[in-house]
Every structure is written in structure tokens, then in C-alpha cells.
Amino acid sequence: MNLEYMLKDETYKYIYGSLVEDKAYDQNEFKKQYCGKNDWVVAQLLLKSNEDMQICVNEDTTFYPKGTIEEVRVEVNVDGMSNENIQVHLVGLIQDDDSCYKSDLLLNQKNIIVEAGKEQAIWIEIFIDKHIPKGIYKPMISLYNKHLFEDEVLIHEIEYEFEVLDISLDDPRDYQFHLDLWQHNSNIARQYNVDLWSDEHFDIIENYIKSLANLGQKVISVIVSEMPWSGQDTMHNKIDDSNLFEYNMARIVYSKEGQWVYDFSAMERYINICLKYGIDKEIEVFGLSNIWLFEDVGFGRIIEDVKDGIRLRYYDENQHLFRYIRKKEELAGYVKALEQFFIEKGLIHKVRILADEPAKLDEFINKISVFNEMAKGFQYKVAINNIDLMGENIPHVVDYCPSLGCTCDKYEELHDLKEKVDGVITYYVCCGPEYPNTFIKSPAIEARIIPWIAWVLDLDGFLRWNYTAWPKDPLNKIAIKYPYWPAGDTNFVYPGKDGIPILTIRYMNLKRGIRDYEIINRYVSTFDAKEEVNHMLKDVFYWERLSDINYKKPQEIYSFDYEAYNNIINHMLKKLS
């Protein structure tokens, strides 16, 4: 067996398909890494053989069930560090819109069959805890080969180097970056085939909340009516029967005594899980404002005298059937009860009723006015694609999230309006722009620079609508609604076995970028170095005007060189230490 190998950085993505050209492996390419404490370093080991092989990344006994095959075992050790600090993942491929298969998944499985001539990436992640002494460390990757019942033979050793600097980074729960990835918990229940809001569902949810908390997520998403996005208009998709409906976390009953009973226990349980993991800066409420309407297929307004598509399902104990609230005063009772719940739990100051891209200003202001009559304690947050909306001084709106496109087109106007906004201002990307973004086709460096762009824009953070908005069979087909949604638009993680999320290269590069943002912030505050940092960023950001981001090609906007970003952060870490 002729086994080739090399090391690449964490942005590397293998493409397998008709457009792929074979490449020579350069074993001297990988650079020394620098990190702090409470930090991590990553290398990707690439393996390719002229024969079919089975690769294993733990010590399990593994045989190929269809016959004999060469076996390669990968082992990683670092002198001075516990093996518990080392994670090794096989990198899985997913089909993109161009039919090629591309690196994305950090698989939880420990072995894989690799056909001759095909490359297999192996993700090697080393966590440096707060108690690790500063100094140089040299991970050793050992490759062992065997055939059937032969003894293993050590065939290659690969060593690389990283230096731990004398600085400890913050825990994600203490990050300043305001990360807002929307949560789709009904979809999690569907994928794992468990009852909605059951104990089994919450056990799985907790695993996903942990993964969000590890990114530094700040926002809790709660759904308080039925299908606020109307299933993302999947009913018009004639070739894909994926279900993207999100359902109310509250249960409503009209009792035998003629009383309305509101059960918010599932929502409270969910909020408490998020708070447990440090996701505690904001509670965004979906389902009360700017409901998506598709009236041609029946998804319209159902409550009299309410100019929104709010759908509230309840159980009528007298009639023994489920019905929908259709009167404005009944809606008001529910909204008031929801407000009272947040007040009693001491959370009302964190709550934001979210409106997703309202199109008509007058209608939006009217909706807020109507709800303010029902419950005066709520404040609002709006995702917008028009900066002018921020200048309207809309009552009770405190937080804004403009799209990247309109932010860059009208940045001077946004900068002036920022002084009048008391709350949080983030930016978002969704199915557009084409770049920078976090699609399967996107270079992974784009996920890393998303927080850097927030810093340049002097904004508080980043919002994206997806985390687990998977289509029907995401491990086999992540694409849905092409060409409107490029593959990967719906997720940062995949549903793994036993309720454990499968992380992705996109997730990890976003995590890296948020960590970078925190380092940049610390450097600027420590050395009063904003002007210096803006000068350094010219090595990686090439635009003359921010509006260039919307109109120029990627290579004219930002650097694709991973080491160029590392050089900036390494300089900061060394000086801070």
C-alpha cells in the first residue's frame, strides 16, 4: 500500500467529484501554531492510498464485513497533555448543489472505508486548558497499518508544533460577541422521532444547547404560536416533502369552567436549560409579529381585526376538540398571560418580540401599537433589509439587525443612527449574499471572518436564521429549495446518533472567528489600539468602501490566506502575554 499524507489547516475542504484535479502532497506546508490557554489548535491530516483502506481513529477492533482490506489506525499523543484534551474526528462529505461532495461533517463515528485514490481528512483538535504550562508542544501523529490478523506496523510518524502563550482566554459564556443563531426545536423532535416537549426531546435539546453555548451563543429562541414562518413555504415545493414547521411551546386550554388556562412549562424548561449553560443575554420571541403568509395555500390571517397571521391552537374541554383562537380579545388574554409569565420569572427585561423583515412600515407600527395595548411590558427587535427603518424611531423597538447588504450600502447612515439606538445592533446573512456566507460551497475562511466583519462595522454581533433547520434527510441530502437556498443555508450542525449533534467545519471556523473577535477586543482595550488594528486589517480586507463587499468578487474583498489572519491574531496574543 502506498499511503500519502500531509497536514492542512482548519479551513481546508476536500472536494470529491467531476471537477477535482489530483494534487501532490506537500509535507512541509503546515505552519507552527500559537494559542493561549483555554484555547484550542487544529490540524487536518489528509490520507490517500492507491488501495482501498479502512481508517480507524480509536483503539476498537474493526474488520471490513465484505472481505479483506488494508487497515490504517491513527493515533495522536502530545507529551505533557492528557489524551482527554485530544479529539480526533473523521471528516465526512456532503453533496453540494453542483453535485460534488465536499468536506463538512466532523463525524462522531470512529472508522470509515475509503476507496483507492480518494482522500480522507482527519480533524485533530487539541484543547489547551487553563492549567497547561506555557511553552512549545509537539503533537505526534502515529500511523499504523495491518492486514487481517497481522500485527500492526508503525508506518509513519508526523510531528508538528504549537506554542502555548502565557495568556488565558475567556470562557464562551463571557464573550462580548452577541451571537444569535435561531433554534428550531420542533425539527429536532422530528429528526429523532420523539414526542414534542417530552423528556426524551429535552434530553436531546440539551446536547444542542451545549453546542450553541460552546460557540458563545447569547440568545434564547422561543416560539409562542403555531408556525411563525409557515413552514418556510415548503408547501410550494413539489419535489421535496421536508417538514419545517415550528410549533408553539405553550399549551392553551379552554376549561370546562369557561376559563383560559395557559401552560408555559415547556418554554420555562427550555429557557432554564439555556440559562444553565450561560445563554442568558436575550430571549427572542417568535410568533407574535410579522408572521409569514402564503394565502394561496391557506396560510393567512385567522384572528378577526388582527393584521397578522398569528395562529394559536387550544384544546376545548367542553367540546373535546382542538380549535384556533379567532377573536382579538382572546389573543389579548394570551399575550397578557405571556407577559405576566416573563414578569413573574424576572425575565421581562431580556425579552424581545422579534419581527422578521417587515416590509410595510405603517403596518408594522400598527401591529406594535396593537400589542402595546395588550401588554405594555414587551420590547421589540427587528431584522431588516432597509437601514432607513432605523431612522423612523419606531416606538418600543430597541434592537436592530440589518442585513449585511444594506449595512454595507448605507454604512454611514447606520453609523449616524447607532447613537440613537439604546439596544443591540447585529448584522445577518441568510440565503444571500453569495459571499461572505456559510454555505457548503463557501470557503471555510468566510465563516471565520464573519465576526471580524462585525468588528470592522462596529456592531455587537451576528445573527443567522439557521442552526438545525434541516430538510427531511440531512445526512444524505442537505440541499433544499435550490436555487433560493444554497446547500448548507439551513444548518451549522447535523443530527447525530444518540441525540449528539455532528459539528461541522463551518461551525468550527465560526467558533474560531468569534474567539478572534474577543482577542481583537481585548487587544484594543488593553493598548488603545483601534487605529493600529484597522491598519493591520488591511492585510486581509481589501475593500476601499464597505459597499464594495456587495459588488466586488471575493478575492477583491478579503484574503483567502489562513495564515494572514493567524499572523494578526498571533501578534496580538504575543503582545498580550
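The values are calculated or read from the model by the stated rules, or taken from the named source; none is laboratory data. These figures come from a predicted structure and were not determined experimentally. Using ideal geometry, Cβ is built from the backbone for each residue, glycine included, and neighbour counts are taken over all protein chains shown. When the accessible area is computed, the model is the full protein with side chains, heavy atoms only, and any ligands, DNA or RNA have been set aside. Shrake-Rupley method; radii C 1.70, N 1.55, O 1.52, S 1.80 Å.
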Some residue of the range 226-241 being among the aliphatic types (A, V, I, L, M), touching an Asp or Glu at 6+ places or on another chain (Cβ under 7 Å), farther than 26 Å from I478 by Cβ and touching a residue at least 12 places away in the same chain (Cβ under 8 Å): no
Top-ranked residue of the range 333-362 - restricted to ones that are closer than 16 Å to P395 by Cβ and not hydrophobic (A, V, I, L, M, F, W, C), ranked as modelled with the highest pLDDT: R352
Long-range neighbours under 9 Å by Cβ, at least six apart or interchain, first residue under 13 Å from L169 (Cα atoms) and at pLDDT 95 or above within the range 126-139, second of a type in the set (S, T, Y) and open to solvent by 20 Å² or more (accessible area, probe 1.4 Å): I128/Y137; D129/S82; K130/S168
Boolean, V297 is surrounded by 14 or more Cβ atoms within 10 Å (Cβ to Cβ) and of a type outside the set (S, T, N, Q): no
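Determine which member of the set K511, K481, K477 is under 17 Å from D96 (Cα atoms), basic (K, R), crowded, with 16+ Cβ neighbours inside 10 Å and under 25 Å from the mean Cα position of the chain (by Cα).
Details: K511 fails: under 17 Å from D96 (Cα atoms); K477 fails: crowded, with 16+ Cβ neighbours inside 10 Å.
Testing whether each residue is under 17 Å from D96 (Cα atoms), basic (K, R), crowded, with 16+ Cβ neighbours inside 10 Å and under 25 Å from the mean Cα position of the chain (by Cα) leaves just K481.
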Residue list for the range 415-447, restricted to those being touching a strand residue (DSSP E or B) at 6+ places or on another chain (Cβ under 8 Å), in a loop (DSSP other than H, G, I, E, B) and closer than 12 Å to L510 by Cβ: V429, P436, T438
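Per-residue answers, yes or no, for (1) of a type outside the set (F, W, Y); (2) in a strand (DSSP E or B):
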residue: E10; (1), (2): yes, no
residue: Y25; (1), (2): no, no
residue: L46; (1), (2): yes, yes
residue: P65; (1), (2): yes, no
Residue count for the range 537-553, restricted to those that are open to solvent by 30 Å² or more (accessible area, probe 1.4 Å) and in a helix (DSSP H, G or I): 4
Top-ranked residue in the range 514-536 [being β-branched (V, I, T) and surrounded by 13 or more Cβ atoms within 10 Å (Cβ to Cβ); ranked as farthest from Y14 (Cα to Cα)]: V524
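Could you tell me which residue of the range 448-469 is farthest from the chain's Cα centre (by Cα), considering only residues that are small (G, A, S) and not in a loop (DSSP other than H, G, I, E, B)?
First pass over the range 448-469, keeping only residues small (G, A, S): 454, 461, 469.
Next cut, not in a loop (DSSP other than H, G, I, E, B) only: 454, 461.
Working: A454: 16, G461: 13 Å.
If we take residues in the range 448-469 being small (G, A, S) and not in a loop (DSSP other than H, G, I, E, B), then A454 is farthest from the chain's Cα centre (by Cα).
Report yes if some residue within the range 492-512 is in a loop (DSSP other than H, G, I, E, B), β-branched (V, I, T), touching a helix residue (DSSP H, G or I) at 6+ places or on another chain (Cβ under 9 Å) and closer than 20 Å to Y427 by Cα; otherwise report no.
Keep residues of the range 492-512 that are in a loop (DSSP other than H, G, I, E, B), which gives 492-493, 496, 500.
Narrowing further to those that are β-branched (V, I, T): 493, 500.
Still in the list and also touching a helix residue (DSSP H, G or I) at 6+ places or on another chain (Cβ under 9 Å): 493, 500.
Those still in the list that are closer than 20 Å to Y427 by Cα too: none.
No, the range 492-512 contains no residue that is in a loop (DSSP other than H, G, I, E, B), β-branched (V, I, T), touching a helix residue (DSSP H, G or I) at 6+ places or on another chain (Cβ under 9 Å) and closer than 20 Å to Y427 by Cα.
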Close pairs (7 angstrom Cβ cut-off, 6 or more residues apart or separate chains): within 17 Å of D180 (Cα to Cα) in the range 413-435, basic (K, R) and open to solvent by 30 Å² or more (accessible area, probe 1.4 Å) anywhere: I425/K418
Residues being closer than 19 Å to F30 by Cβ and among the hydrophobic types (A, V, I, L, M, F, W, C) - total across the range 128-164: 8
Flag if I273 is open to solvent by less than 30 Å² (accessible area, probe 1.4 Å), touching a Pro at 6+ places or on another chain (Cβ under 6 Å) and among the β-branched types (V, I, T): no
Residue match in the range 350-365 (condition: surrounded by 14 or more Cβ atoms within 10 Å (Cβ to Cβ), part of a helix (DSSP H, G or I), in contact with a Phe, Trp or Tyr (Cβ under 8 Å, 6 or more places away or on another chain) and aromatic (F, W, Y)): no
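In the range 300-320, what count of residues is obtained for those that are open to solvent by 70 Å² or more (accessible area, probe 1.4 Å) and free of Cβ contacts under 8 Å to residues at least 24 places away in the same chain? First the steps, then the outcome.
Residues of the range 300-320 open to solvent by 70 Å² or more (accessible area, probe 1.4 Å): 301, 304-305, 307, 313, 318-320.
Adding the requirement that they be free of Cβ contacts under 8 Å to residues at least 24 places away in the same chain leaves 301, 305, 319-320.
Counting residues in the range 300-320 that are open to solvent by 70 Å² or more (accessible area, probe 1.4 Å) and free of Cβ contacts under 8 Å to residues at least 24 places away in the same chain gives 4.
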In the range 90-125, the residues that are touching a Leu at 6+ places or on another chain (Cβ under 7 Å) and without any contact (Cβ under 8 Å) to a residue 60 or more places away in the chain: L90, Q109, I112
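Please verify whether C401 is within 15 Å of L459 (Cβ to Cβ), surrounded by 21 or more Cβ atoms within 10 Å (Cβ to Cβ) and not charged (D, E, K, R), treating the condition exactly as stated.
Numbers: within 15 Å of L459 (Cβ to Cβ): yes; surrounded by 21 or more Cβ atoms within 10 Å (Cβ to Cβ): yes; not charged (D, E, K, R): yes.
Considered against the rule, which asks whether it is within 15 Å of L459 (Cβ to Cβ), surrounded by 21 or more Cβ atoms within 10 Å (Cβ to Cβ) and not charged (D, E, K, R), C401 comes out as yes.
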